[in-house]
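The values are calculated or read from the model by the stated rules, or taken from the named source; none is laboratory data. Because the structure is predicted, anything quoted here is derived from the model rather than measured. Glycine gets a Cβ as well: all are built from the backbone with ideal geometry, and neighbour counts include every protein chain shown. All accessible areas refer to the heavy atoms of the entire protein, side chains included, with ligands and DNA or RNA removed. Shrake-Rupley method; radii C 1.70, N 1.55, O 1.52, S 1.80 Å.
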Amino acid sequence: MDETGRLTIYRGPDGRHWSKGPAWFDEAARSWICTLTEAVQDPVTGRWAPAPHGARIEVAAITRDSAYTRVSADPRGEPRIARLTDLVAELEADYAHAAGHPHPRTGELRTALEDVAAIPDAEQRRRHGAVLAARARRRR
């Protein structure tokens, strides 16, 4: 969960998706460690959720420059992005039908769409952080 109480999903360096769990400070390593649970995407709604029996891993704190990229837990939640996703899926299907095989860059395209779908969540976190900072300044 993130600071707004919503599910936090990351795409790992191997392309697998993970749900962020609790984090703790490891005194021996002098670093924050967080638990990630493998996530699955609902084929109908597109929403991500922790896999009931998914793998669990522990990783050093996820930072902006880490190999894990935050993605939207509900990529179809924003109507414009949902429409773009539908259009891209139609184009992919048309190409596969005409060529007899999927486009060779389909994976790259899907990764780029995930990145675009994460923009509204990132903006919401940014606004939420700005509101909290403003409230903290008023209390001083």
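Miscellaneous remarks
- Output for region 27-56, where each listed residue is over 14 Å from Ala73 (Cα atoms), outside any loop (DSSP other than H, G, I, E, B), open to solvent by 50 Å² or more (accessible area, probe 1.4 Å) and not basic (Lys, Arg): Trp32
- Entirely in region 65-140, the helices (runs of 4 or more DSSP H) that have 1 or more residues that are more than 27 Å from Gly12 (Cα to Cα) and open to solvent by less than 60 Å² (accessible area, probe 1.4 Å): 79-99, 119-139
- Beta carbons closer than 6 Å, at least 6 apart along the sequence or on distinct chains, pair a first residue in region 44-67 that is touching a residue at least 40 places away in the same chain (Cβ under 8 Å) with a second that is open to solvent by 60 Å² or more (accessible area, probe 1.4 Å) and part of a loop (DSSP other than H, G, I, E, B) for Ala67/Pro13.
- Answer residue from region 1-26, given it is of a type in the set (D, E, K, R) and over 21 Å from Gln124 (Cβ atoms) and is least open to solvent (accessible area, probe 1.4 Å) among those: Asp26
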